[in-house]
Amino acid sequence: MDKYNSEWFDQDWLRFKFESLRRKDNFEPDAQKYQELLMRANLDGARDFNLKVSEAMVETDSLAAMVMGEKPSRFYFRFGAKVLDALAERLVLAEAGYLLDEGINPMDHLDAVFFPSGMGAIYTLTEFMAESIDDLDRARLRVKLADEGVDERPLFVQGNVVYVNTNNVLGERMRNKVIAPSIKVDTTDLMKVGKVLKQLGDRCFGLYFEPLTNPDIRYTNTKSMALLGSSYQIPVIVDNTFLTPYLQQPFRMGADVVIHSLTKYGNGFGDMLAGAIIGPKALISAIKLWQYDSGNVTQSPDSAIKLYDRISDMPSRMDTQAGNAKAIANYLKGSEYVDKVHYPDLEDETRGGLAGAVISFILAGQTLEERTAKERALMQYNIDHPGVINHEVSLGDNVNLMIGENTLGFPNVDSNAGFVRFAVGRTPDAEKTIKFLEKALTEVYK
Ligand SMILES: Cc1ncc(COP(=O)(O)O)c(C=O)c1O
């Protein structure tokens, strides 16, 4: 299959990945060192970013070289800017700064590109990969399907639970493309993944998953996926939104491409949409050329600067909110009103064994109807007692956000009865949130 991705998934990349990028630890164990990496002065050290969309050029005859990637692109924001390069460097250091220890500058091998949202990043990556199928192959694959009824179109293999819109992009949205809708497999079960990859042979185009599933917080080991990926020569693509590079770094574990919805923990204040792809330089350069045409770029220099500043606070924010989540999950595990809590202890897999800052739990009840009623009552309690837990989607925010999966107004979702997703914030602290939950649950079960 590597012929389809050969523009970037080549021998050079694989050699670098196996010889330098992979590590035994899943994250930088020294938190202080990690923090210092994020604070490193960017590029030439100055924070003198251009705040306008266009920038005065300092020499004639230079624009063409910028567009062709021969010089850093600085003339118009859609084509790049110093602040975007600085942001890219910060994110690459966040994911792979450990390479500096070996005297390797990660920016010589990796780069990052930014999007107006996480979905913008995911959609662009899949579109880009679909485009790498050349015209002859497209024609051959279409004829095979139409005339012989044989579907040999390449496809993604994806985790069976991924973010709902990612699911659409890899599946339904592929319907009319030369990529077939993805095959879903439980990536927590290695045997199943191995079996599917074996059956598909050359057809598998990429292995895509979230190490922690949204919303049921099940853990997939990226190292195992990467081993499978490399034995079938398939790029491994990891959405690292939930864990963040502070808690786990997929490149250390053998991933080829890392995706982020920076809307969440990258930004951390719930006031901006943003996304990124981090991967081999050749892939990112090619995607940047695409961006020139698609315009699917970071909206403005000030949102890029905001992200640049906020990403450096991610470690302390994650310490606080994942710490809060662990304490709250422990409380919920002991509550008589809760049947099941999804917040695994990840032991050595992540920093502090933390499973991020999202917990999901199932409220107690004899029947599906009773669970749904309790779920609705808890959501209503949050609505009626504002200030501690918002009845609100998203995650990564400063404040607590909670939704009940069965009480969002979608029909026929009974199997989720009583299923609550709780994106734990930083304020109020865990103690205050637990007190509020104790009171809320006592009220709901009165
Ligand atoms: C794991 C994950 N990936 C991607 C996305 C999409 O990100 P955005 O909302 O920034 O488009 C989300 C959104 O919730 C998500 O949870």
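Here's the yes/no breakdown for (1) modelled with pLDDT of 95 or more; (2) hydrophobic (A, V, I, L, M, F, W, C); (3) under 19 Å from residue 335 (Cβ atoms); (4) assigned by TED's automatic domain parsing to the domain that holds residue 359:
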| residue | (1), (2), (3), (4) |
| --- | --- |
| 378 | yes, yes, yes, yes |
| 384 | yes, no, no, yes |
| 396 | yes, no, no, yes |
| 409 | no, no, no, yes |
| 413 | no, yes, no, yes |
| 420 | yes, yes, yes, yes |
| 426 | yes, no, no, yes |
| 435 | yes, no, yes, yes |
Seminar exercise, completed: The number of residues in the stretch 390-424 that are in contact (Cβ under 8 Å) with a residue 60 or more places away in the chain and more than 15 Å from the ligand (Cβ to nearest atom) is 5
Problem set entry | Search result, residues across the stretch 275-305 that are within 16 Å of the ligand (Cβ to nearest atom), over 27 Å from residue 234 (Cα atoms) and not polar (S, T, N, Q) | 297, 304
For this session: Answer with yes or no whether residue 264 is of a type in the set (Lys, Arg), within 29 Å of residue 67 (Cα to Cα) and under 20 Å from the mean Cα position of the chain (by Cα).
Result: no
For this session: Tell me, please, whether a residue that is in contact (Cβ under 8 Å) with a residue 40 or more places away in the chain, over 30 Å from residue 271 (Cα atoms) and either touching a Ser or Thr at 6+ places or on another chain (Cβ under 7 Å) or within 16 Å of the ligand (Cβ to nearest atom) (or both) can be found in the stretch 88-103.
Result: yes
Problem set entry | Selected residue (only one of 150, 164, 143, 169 is more than 16 Å from residue 229 (Cβ to Cβ), surrounded by fewer than 14 Cβ atoms within 10 Å (Cβ to Cβ) and within 16 Å of the ligand (Cβ to nearest atom)) | 164
Problem set entry | Answer residue from the stretch 322-338, given it is among the aliphatic types (A, V, I, L, M) and either over 25 Å from residue 257 (Cα atoms) or assigned by TED's automatic domain parsing to the domain that holds residue 242 (or both) and is nearest to the chain's Cα centre (by Cα) among those | 325
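Residues are listed down the side, and each one gets a yes or a no for (1) under 24 Å from residue 69 (Cα atoms); (2) under 18 Å from the mean Cα position of the chain (by Cα); (3) part of a helix (DSSP H, G or I):
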| site | (1), (2), (3) |
| --- | --- |
| 273 | no, yes, no |
| 277 | yes, yes, no |
| 282 | yes, no, yes |
| 290 | yes, no, yes |
| 297 | yes, yes, no |
| 309 | no, no, yes |
| 315 | no, yes, yes |
| 320 | no, no, yes |
Exercise. Going by the conditions given, is residue 216 in a loop (DSSP other than H, G, I, E, B), of a type in the set (Asp, Glu) and surrounded by fewer than 24 Cβ atoms within 10 Å (Cβ to Cβ)?
Worked result: yes
Exercise. Inside the stretch 219-259, can you point out the residues that are within 13 Å of the ligand (Cβ to nearest atom) and part of a loop (DSSP other than H, G, I, E, B)?
Worked result: 220, 240, 241, 242, 243
Exercise. For the stretch 407-439, how many residues are buried (at least 22 other Cβ atoms within 10 Å of the Cβ) and closer than 13 Å to residue 378 by Cβ?
Worked result: 7
For this session: Consider residue 380 carefully, then state whether it is in a loop (DSSP other than H, G, I, E, B) and out of contact with any helix residue (DSSP H, G or I) (no Cβ under 8 Å at 6 or more places or on another chain).
Result: no
Exercise. Considering 34, 4, which residue is outside any strand (DSSP E or B) and assigned by TED's automatic domain parsing to the domain that holds residue 307?
Worked result: 34
Seminar exercise, completed: Quick count over the stretch 194-217, residues being in contact (Cβ under 8 Å) with a residue 40 or more places away in the chain and closer than 19 Å to residue 250 by Cβ, is 12
Exercise. Does residue 178 satisfy being within 16 Å of the ligand (Cβ to nearest atom), in contact (Cβ under 8 Å) with a residue 12 or more places away in the chain and in a loop (DSSP other than H, G, I, E, B)?
Worked result: no
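The values are calculated or read from the model by the stated rules, or taken from the named source; none is laboratory data. Source: prediction; values computed, not measured. Here Cβ is always computed from backbone atoms with ideal geometry, including for glycine, and neighbour counts include all displayed protein chains.
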